[in-house]
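The values are calculated or read from the model by the stated rules, or taken from the named source; none is laboratory data. All values reported here derive from a predicted model rather than from experimental measurement. Here Cβ is always computed from backbone atoms with ideal geometry, including for glycine, and neighbour counts include all displayed protein chains.
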Amino acid sequence: MAREQLPRLYSVARRLTDEGAEDLVQECLLRAYRAFGTLSAPEAGGAWMQAILVNAFRDRLRKESRTVKEVAVEEVDDFSLYRTIAEEDPFPYSDSLHVDFLRAFGKEDVRAVLMRLPDIYRAPLVLRYMQGFATKEIARMLD
């Protein structure tokens, strides 16, 4: 079951966290191994393991939220998307500016922006729009 679910688990973990996806999957597999006796329906193993992965991610978020992150003042970018668009005006005569603007980005650009989001905001987006979970399911998963 673990071998079968490994690609999907790793995919979800990479979308949830930029660094440490392998560690997150490893933690999930370890927890699944320890709790395998509680799995009542083997056909539900994939969803069960995904729930374990999300719980491991939540535990990591809780642990990180208790620590203070320091950012040097020199590293803070003074970036304004509005100012950039106003100054550069990439699509001056477009009736669908927002759509044209978004189409200018590739998948890697979207991934880079997604990975810059704090984990607490990234997780619901990944689970909803990339994994297809319902909003209520996500709310239950992430408390």
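With the checklist (1) under 14 Å from the mean Cα position of the chain (by Cα); (2) over 20 Å from MET141 (Cα atoms); (3) modelled with pLDDT of 90 or more in hand, flag the one item GLU4 doesn't pass.
Unmet for GLU4, out of (1) under 14 Å from the mean Cα position of the chain (by Cα); (2) over 20 Å from MET141 (Cα atoms); (3) modelled with pLDDT of 90 or more: (1).
All but one of (1) more than 13 Å from the chain's Cα centre (by Cα); (2) over 17 Å from MET141 (Cβ atoms); (3) assigned to a helix (DSSP H, G or I) hold for SER40; which doesn't?
Here SER40 meets the rest and fails (3).
Among the residues of region 1-42, write down those that are among the basic types (Lys, Arg) and over 23 Å from ARG128 (Cα atoms).
ARG3, ARG31, ARG34
What helices (runs of 4 or more DSSP H) lie completely within region 58-143 and have 1 or more residues being within 30 Å of ARG31 (Cα to Cα) and modelled with pLDDT of 65 or more?
In region 58-143, the matching helices (runs of 4 or more DSSP H) lie at 107-116, 119-125, 135-142.
List every residue pair whose Cβ atoms lie under 6 Å apart, where the two residues are 6 or more positions apart in sequence or sit on different chains, the first residue falls within region 31-59 and is surrounded by 16 or more Cβ atoms within 10 Å (Cβ to Cβ), and the second residue, located anywhere, is not in a helix (DSSP H, G or I).
Qualifying pairs under 6 Å: GLY45/MET1; TRP48/LEU39.
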